[in-house]
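Take a look at the structure set out below.
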Amino acid sequence: MSETLYKVLDFSRPIGRQSFREVIRELDNTSPSHNKFILSEDQLKTLIAVIFTYGLHYDEVPVEQRELLLKAILEGKQPLFDLSQTFAKHLMNNLGDSAILQLDALQNSEYDLKRPLSNEPLVDFVEEELLDQTTSYRKWEYGRFSVAYMAAHLSMQVGWENVEKNVQENKPRPEAYLKNFSKELENSRYNLDAHEQLLLHLIVKSKLWPKKTAMADYLLAGSITQQRLLGLSIRSEKLASTLKNALQNVPTINKRRGGPKL
């Protein structure tokens, strides 16, 4: 079987941080009576990121709720949707030459911001150049980005520095530590769904032992995030408090010792 080679995403290039709401406010101040606008480069990328996020996650909700999902993305009501919008902007920093030419050509058109999905050339571009690769050969990269993003998002409650210090001092065997952590998450007092337990496990594994985190782990994290991001966002505060408490309760007695290991 022949192998297809591609470049791993470069996340070092800066991206625009303008939200869709900020774009709307900015354009309303210039032309409040208009429905369609020619956008700046950053504004266009923000609109594309919104379409990408909707396209990646709309299967999570039934058809009759998809309009509400789009509204939530546009209005920034759920914090974790920024995960996929940010990933989309990094994707646009890594486009191939032909896709860059397409994006440049799209810059010259007017776009309806009140009905983002009515902008058919943009929707086609998102499907062909961004969504297809995210759901196929870049799914593991989306998963790796997701666990890193969520670890940072949850960090204010979790306090990773203390956790990492504890692990460095006690030197537990990774497999034993993660097994104990998973058992702790199964405790009924946390009331977590199976996919939430699994994602928290993957976040901890990738944060504390990145070299032991395999592509298969990231693929799994990418699938969970793609299929469950709305629910994860709604329960993000609960996930943060659960992660904090579970990490505090994980025993670290399984230290590395001399002699043979089973």
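Of the residues Q78, Q65, Q43, the single one that is within 20 Å of G231 (Cβ to Cβ), surrounded by 17 or more Cβ atoms within 10 Å (Cβ to Cβ) and polar (S, T, N, Q) is Q78. Just one of (1) more than 16 Å from the chain's Cα centre (by Cα); (2) modelled with pLDDT of 95 or more; (3) among the small types (G, A, S) fails for G231. It is (1).
With respect to the conditions (1) over 18 Å from T135 (Cα atoms); (2) open to solvent by less than 60 Å² (accessible area, probe 1.4 Å); (3) out of contact with any helix residue (DSSP H, G or I) (no Cβ under 6 Å at 6 or more places or on another chain), F20 lacks only one, and its number is (3).
Report, by residue number, each residue of the range 140-162 that is open to solvent by less than 40 Å² (accessible area, probe 1.4 Å) and within 11 Å of the chain's Cα centre (by Cα). If the condition is that a residue be open to solvent by less than 40 Å² (accessible area, probe 1.4 Å) and within 11 Å of the chain's Cα centre (by Cα), then E141, Y142, G143, F145, S146, V147, M150, A151 are the ones that fit. Checking each residue in the range 81-113 for being within 23 Å of R138 (Cβ to Cβ), of a type in the set (S, T, Y) and surrounded by 14 or more Cβ atoms within 10 Å (Cβ to Cβ) picks out S84, T86. All conditions in (1) closer than 27 Å to H57 by Cα; (2) among the polar types (S, T, N, Q); (3) surrounded by fewer than 12 Cβ atoms within 10 Å (Cβ to Cβ) hold for Q168, with the sole exception of (1).
Of the helices (runs of 4 or more DSSP H) lying entirely inside the range 168-247, those carrying at least 3 residues that are within 23 Å of F145 (Cβ to Cβ) and aliphatic (A, V, I, L, M) are 194-208, 215-234.
Within the range 191-206, the set of residues being open to solvent by 40 Å² or more (accessible area, probe 1.4 Å) and among the polar types (S, T, N, Q) comprises N191, Q197.
Checking each residue in the range 114-132 for being buried (at least 20 other Cβ atoms within 10 Å of the Cβ) and over 22 Å from L68 (Cα atoms) picks out F125, E129, L130.
Filtering the range 29-46 to residues that are under 24 Å from P79 (Cα atoms) and either modelled with pLDDT under 90 or among the acidic types (D, E) (or both) leaves E41, D42. Cβ-Cβ distances below 6 Å connect the following pairs, each with a first residue in the range 124-143 that is free of Cβ contacts under 8 Å to residues at least 60 places away in the same chain, a second residue that is among the aliphatic types (A, V, I, L, M), and a separation of six or more residues or different chains: E129/A99.
The values are calculated or read from the model by the stated rules, or taken from the named source; none is laboratory data. The structure presented is a predicted model; accordingly, all values stated were derived computationally and were not measured. All Cβ positions, even for glycine, are placed from backbone atoms using ideal geometry, and neighbour counts span all protein chains on display. For accessibility, only protein heavy atoms count, side chains too; no ligands or nucleic acids. Shrake-Rupley method; radii C 1.70, N 1.55, O 1.52, S 1.80 Å.
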